[in-house]
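Heads up: the structure comes next, in structure tokens.
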Amino acid sequence: MIVVMKIGAADEELKHVCKKAEELGFSPHVIYGKERNVIGLVGTGGNREEVFIIEEFEGVDSIVPISKPYKLASREVKRETSIVNIGGVKIGGEELIVMAGPCSVESKEQIVSSARHVKAAGARILRGGAFKPRTSPYSFRGLGEEGLKHLAKARSETGLPIVTEVVNPVDIDIVYKYADAFQVGARNIQNFALLTALGQAKKPVLLKRGMATTIEEFLMAAEYIMSEGNHDVVLCERGIRTFETATRNTLDIACIPVVKAKSHLPIVIDPSHAAGHVQYVPSLSKAAIAAGADGLIIEVHPEPERATSDGAQSLTPNQFAKLMSELKLIAPAVGRKL
Ligand code: PEP
Ligand code: MN
């Protein structure tokens with residue numbers, strides 16, 4: 001159920017509805033819109049008659065049942081796209097946001113150099129993993145807190161906010177201390193303990209779609225985070241697994257318009273993990289922007305040949321700069337700025 005408030009409804013009227021909803025056993029979530037505010041009633045509260053009395057309250061326009069299984073993430077509760085603020089950088093508005101950096105943080109020098117290069121080319125957020133979920137337990141699994149410290153150093157040198165993955169709920173506090181946004185990796189999309197804990201953390205979450213996750217499951221994972229009170233979720237499509245092996249994954253471009261139709265959450269594309277090969281990254285990036293993505297997250301390494309992970313899909317700083325200059329031409333054609 002959502003309670004749609006009238007345009008210009010007073011704060012007390014909104015609070016009155018929330019209080020009544022709580023009495024009925026719901027968790028009310030206020031979603032502030034440009035024109036009007038709505039309140040999502042989450043959970044199972046009173047019977048229909050008890051709930052519909054709210055429609056008679058001062059300041060209330062209507063009560064609308066939500067048809068989708070995800071509620072807070074649904075476009076039905078909020079018509080305009082949400083803007084998520086990561087360390088002062090806003091994702092979901094007219095401006096396209098490119099996040100870039102290496103797959104893994106390998107050393108202070110490597111991440112600071114990456115940050116300088118990607119910033120010079122126009123990236124707005126630095127990416128880099130300190131906790132790496134690897135398919136093989138024998139692969140490099142990240143520097144842990146030392147890596148987070150290097151990321152913080154790169155931020156202080158360049159001013160770029162940081163997004164970095166948290167793999168295990170027990171690491172949330174330590175990642176929170178250094179990061180501007182948490183990344184949830186594809187392999188953890190249905191780690192409900194992690195999603196619930198991140199819902200209680202007070203920083204944005206970049207939520208990656210799993211390799212075998214339907215769009216509905218993807219939005220339900222976002223709902224997990226939001227239902228705990230954290231509404232700052234950025235979705236990320238990074239390719240899904242299909243029969244095709246020429247690319248590492250298959251970029252589901254259709255995910256962009258589908259998510260845009262179903263959800264108000266911003267969506268960015270990770271062309272690197274979709275392509276798996278550096279030569280395909282530029283085309284996928286351009287296609288994503290043309291299809292309406294709110295931004296990109298791209299792997300860039302100062303020396304891809306020496307990367308401890310995902311070197312084959314990492315752009316050199318020069319390749320990244322060239323791509324950014326091409327994306328700048330596409331952005332205005334779809335009504336965006338870069
Ligand atoms: C990553 O961003 O380096 C990563 C591991 O991505 P994904 O979870 O999409 O595989
Ligand atoms: Mn990677």
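The values are calculated or read from the model by the stated rules, or taken from the named source; none is laboratory data. Bear in mind the structure is a predicted one, so any value in this text is a computation, not a measurement. Every residue, glycine as well, gets a Cβ built from its backbone with ideal geometry; the counts of neighbours run over all protein chains shown. Surface accessibility is based on the protein's heavy atoms, side chains included, excluding ligands, DNA and RNA. Shrake-Rupley method; radii C 1.70, N 1.55, O 1.52, S 1.80 Å.
Numbers at a glance
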| item | result |
| --- | --- |
| Degrees, to the nearest 10: 11-23 long Cα axis against longest axis of the chain | 80 |
| Max mean-square fluctuation residue, GNM over the chain, Cα-Cα springs under 10 Å, options 325, 272, 285 | 325 |
| Dipole of the chain [Lys/Arg +1, Asp/Glu -1 at C-beta], most positive-end residue of 243, 181, 110 | 110 |
| Pair residue 138, residue 120: separation of 7 Å Cα→Cβ label points (nm) | 3.9 |
| Segment residue 303-residue 52, extension gain: residue separation times 0.36 nm, minus the distance between their alpha carbons | 84.2 nm |
| DSSP-defined beta bridges in the chain - what % are antiparallel, rounded to 5 | 40 |
| The chain, dipole about Cα centre (Lys/Arg Cβ +1, Asp/Glu Cβ -1), debye to the nearest 20 | 1000 |
| Relative contact order (percent, whole number), the stretch 2-64, Cα cutoff 8 Å, 6+ residue spacing | 47 |
| Selected from 286, 177, 153 as most flexible by GNM, with the chain as the system and alpha-carbon contacts under 10 Å | 177 |
| Gained length - residue 279 relative to residue 316, 0.36 nm times residue gap less alpha-carbon distance | 12.2 nm |
| Carbon/sulfur fraction of accessible area - the chain, other protein chains in place, 1.4 Å, % | 51 |
| Solvent-accessible heavy-atom area per residue, rounded to whole Å², over the chain at 1.4 Å | 43 |
| Entries of 202/337; 208/286; 71/177; 78/203; 119/149; 119/202 with Cα pairs more than 23 Å apart | 202/337; 71/177; 119/202 |
| For the stretch 222-229, Karplus couplings with θ = phi - 60° (6.51, -1.76, 1.60), whole Hz, Gly/Pro x | 4, 4, 4, 5, 5, 5, 8, x |
| Spin-label pair residue 62/residue 23, simplified geometry with 7 Å Cα→Cβ offset, distance in nm | 2.6 |
| Calculated FRET efficiency for the pair residue 7/residue 90, C-beta based, R₀ 25 Å, to 0.05 | 0.55 |
| Extreme residue, positive dipole direction of the stretch 267-336, given options 314, 282, 301 (C-beta unit charges) | 282 |
| Listed residues 294, 61, 310, most fluctuating in the chain (Gaussian network, C-alpha, under 10 Å) | 61 |
| FRET efficiency estimate (nearest 0.05) - Cβ-Cβ, residue 190 to residue 83, R0 30 angstrom | 0.65 |
